[in-house]
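**Student:** The structure that follows is given in the form of structure tokens.
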Amino acid sequence: MKHQSIPRVVGKLFMPLILLFALYVQFHGDFGPGGGFQAGVIFAAGVVLYALIFGLDAAKRIVRPRVIEILFAVGVLLYAGTGLVSLFVGRNFLDYTALDPDHPAHGQHLGIFLVELGVGVTVAAVMIAIFFAFAGRRRLR
Amino acid sequence: MTEITDVALLIFMVILAVAISRMQNLFMVAVMMGIFSFLSAVVFTLLDAVDVAFTEAAVGAGVSTVLLLGTLALTTREEKVAKQKNAFALLAVIATGGALIYGTLDMPHYGDANAPVHTHVADRYIEKSGEEIGVPNIVTSVLASYRGYDTLGETTVIFTAGIGVILLLGRALRKGEKS
């Protein structure tokens, strides 16, 4: 689709909106529908759209596979690390009230924020990686 | 009114499912599966399960359609039709379908207030999550806090899927990248 101007222009127009919407869904999950999982998928969909219009190599220059492979683990470690913090303070694993013992609700807010961020990072990275891996293969036969 | 919409949508989904199973053009099948996912997202919205609907629309109708189309680009667009009918396969399908329908007979009715899912911890979450968690969206507080351990497990599952992709297709993933 490299030489068709309408998909290129529309894609360029929509890319920032899709990524912005993904961030909105990510950080607004406490108040409305959505959360880390949905945000990660939408973010990945934005990158997939970019790769479909401008080519896989262009997308790989922006979102580097090596970085993505690291982000796989970063998300899970962020999630598990948030749980470990409360273990070190002497509470149960993933008990977010330990993050701010004076204001339990604040601690819960912070904990949910970090945990959802971890989910979003892992989901976005894995979805992009699966697409890159599929699209990067040559046709058999 | 909502019941009419629900029934109409479900009938439409059944028609779509039958149509998909009869199609031989796999490109059409992939697009139809996307439409099917989108319809189920609408059904979830009517059931007030907007978080689930969101996921279904993003994953089912969005990303998995793209992945299916990507797979088709690597393989073939036409389904290979089996020449002879297999009686054992038909029997197995009928038996499985019958068992599934028999299983639904035991399920609580639509909107039943005494259904097990409403009589266990749901009330406590609805009453207490406001003061305990302080997040307006109860789904988020259940998902990330009350059932945080389960969500950690789900994230690990996705992580494992990513590791599997790297192990199997790692070279295709990194191809074209300057190191």
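**Student:** Can you tell me which of (1) facing chain A (nearest Cβ under 8 Å); (2) more than 21 Å from the chain's Cα centre (by Cα); (3) open to solvent by 20 Å² or more (accessible area, probe 1.4 Å); (4) farther than 17 Å from A:Pro33 by Cα is the one B:Leu167 doesn't meet?
**Tutor:** Of (1) facing chain A (nearest Cβ under 8 Å); (2) more than 21 Å from the chain's Cα centre (by Cα); (3) open to solvent by 20 Å² or more (accessible area, probe 1.4 Å); (4) farther than 17 Å from A:Pro33 by Cα, only one is false for B:Leu167: (1).
**Student:** What residue, among those in region A:9-26 that are farther than 17 Å from B:Ala58 by Cα and open to solvent by 80 Å² or more (accessible area, probe 1.4 Å), is farthest from the chain's Cα centre (by Cα)?
**Tutor:** A:Val9
**Student:** Can you find even one residue in region B:140-153 that is of a type in the set (Phe, Trp, Tyr), open to solvent by 60 Å² or more (accessible area, probe 1.4 Å) and over 25 Å from A:Gly118 (Cβ atoms)?
**Tutor:** Looking through region B:140-153, none of the residues is of a type in the set (Phe, Trp, Tyr), open to solvent by 60 Å² or more (accessible area, probe 1.4 Å) and over 25 Å from A:Gly118 (Cβ atoms).
**Student:** Checking A:Phe31 against (1) within 12 Å of another protein chain (Cβ to nearest Cβ); (2) in contact (Cβ under 8 Å) with a residue 24 or more places away in the chain, only one condition comes out false. Which one?
**Tutor:** It is condition (2) that A:Phe31 fails.
**Student:** Would you confirm whether any residue within region B:19-28 is in a helix (DSSP H, G or I), surrounded by fewer than 17 Cβ atoms within 10 Å (Cβ to Cβ) and within 14 Å of another protein chain (Cβ to nearest Cβ)?
**Tutor:** No, region B:19-28 has no match at all.
**Student:** Next question. Filter region B:72-83 down to the residues that are open to solvent by less than 50 Å² (accessible area, probe 1.4 Å) and without any contact (Cβ under 8 Å) to a residue 40 or more places away in the chain and list them by number.
**Tutor:** Hit for region B:72-83 is B:Leu74, nothing else.
**Student:** Which of the residues that make up region B:170-179 are in a helix (DSSP H, G or I) and open to solvent by 80 Å² or more (accessible area, probe 1.4 Å)?
**Tutor:** B:Arg171, B:Arg174
**Student:** Scanning for something under 13 Å from the mean Cα position of the chain (by Cα) and in contact (Cβ under 8 Å) with a residue 60 or more places away in the chain, does region A:68-75 turn up at least one residue?
**Tutor:** yes
**Student:** Moving on to the next point. Restricting to region A:100-141, name every residue that is farther than 30 Å from A:Leu52 by Cα, buried (at least 21 other Cβ atoms within 10 Å of the Cβ) and out of contact with any Leu (no Cβ under 6 Å at 6 or more places or on another chain).
**Tutor:** A:Gln108, A:Ile112, A:Val115
**Student:** Output yes when any residue across region A:27-35 is part of a helix (DSSP H, G or I) and under 25 Å from B:Ala172 (Cβ atoms), and no when none is.
**Tutor:** No, region A:27-35 has no match at all.
**Student:** Take the residues of region B:114-161 that are part of a loop (DSSP other than H, G, I, E, B) and more than 7 Å from chain A (Cβ to nearest Cβ): which is modelled with the highest pLDDT?
**Tutor:** The qualifying residue modelled with the highest pLDDT is B:Arg147.
**Student:** Mind checking which residues of region B:44-59 are more than 7 Å from chain A (Cβ to nearest Cβ), surrounded by fewer than 19 Cβ atoms within 10 Å (Cβ to Cβ) and part of a helix (DSSP H, G or I)?
**Tutor:** The answer is B:Phe44, B:Thr45, B:Leu46, B:Val52.
**Student:** Looking for whichever is among the β-branched types (Val, Ile, Thr), surrounded by 19 or more Cβ atoms within 10 Å (Cβ to Cβ) and facing chain B (nearest Cβ under 9 Å) here; the options are A:Ile53, A:Ile68. Which one fits?
**Tutor:** After applying the criteria, what remains is A:Ile68.
**Student:** Quickly run through region A:71-99 and pick out the residues that are under 13 Å from B:Gly162 (Cα atoms) and either more than 9 Å from every other protein chain (Cβ to nearest Cβ) or open to solvent by 50 Å² or more (accessible area, probe 1.4 Å) (or both).
**Tutor:** Of everything in region A:71-99, those that are under 13 Å from B:Gly162 (Cα atoms) and either more than 9 Å from every other protein chain (Cβ to nearest Cβ) or open to solvent by 50 Å² or more (accessible area, probe 1.4 Å) (or both) turn out to be A:Leu71, A:Val74.
**Student:** Would it be correct to say that B:Met32 is open to solvent by less than 70 Å² (accessible area, probe 1.4 Å) and assigned to a helix (DSSP H, G or I)?
**Tutor:** It is true that B:Met32 is open to solvent by less than 70 Å² (accessible area, probe 1.4 Å) and assigned to a helix (DSSP H, G or I).
**Student:** What's the total number of residues in region A:27-61 that are at negative phi and in contact with a helix residue (DSSP H, G or I) (Cβ under 7 Å, 6 or more places away or on another chain)?
**Tutor:** 23
**Student:** Right, something else. Would you please list the contacts, defined by Cβ atoms under 6 Å and residues six or more apart or on different chains, that run from a residue in region A:122-135 that is more than 11 Å from A:Val67 (Cα to Cα) to a residue that is crowded, with 24+ Cβ neighbours inside 10 Å and of a type in the set (S, T, N, Q)?
**Tutor:** Sorted first by the residue in region A:122-135, then by its partner, the pairs are A:Thr122/B:Thr155.
**Student:** When you go through B:Gly111, B:Gly97 one by one, which is the residue that is farther than 30 Å from A:Arg137 by Cα, more than 14 Å from chain A (Cβ to nearest Cβ), within 20 Å of the chain's Cα centre (by Cα) and without any contact (Cβ under 8 Å) to a residue 60 or more places away in the chain?
**Tutor:** Residue meeting the stated conditions: B:Gly97.
The values are calculated or read from the model by the stated rules, or taken from the named source; none is laboratory data. In this text, all values refer to a predicted model and were calculated from it rather than measured experimentally. Note: ideal-geometry Cβ built from the backbone for every residue, glycine included; neighbour counts use all protein chains shown. To get the accessible areas, we keep the full protein, side chains included, count just its heavy atoms, and leave off ligands, DNA and RNA. Shrake-Rupley method; radii C 1.70, N 1.55, O 1.52, S 1.80 Å.
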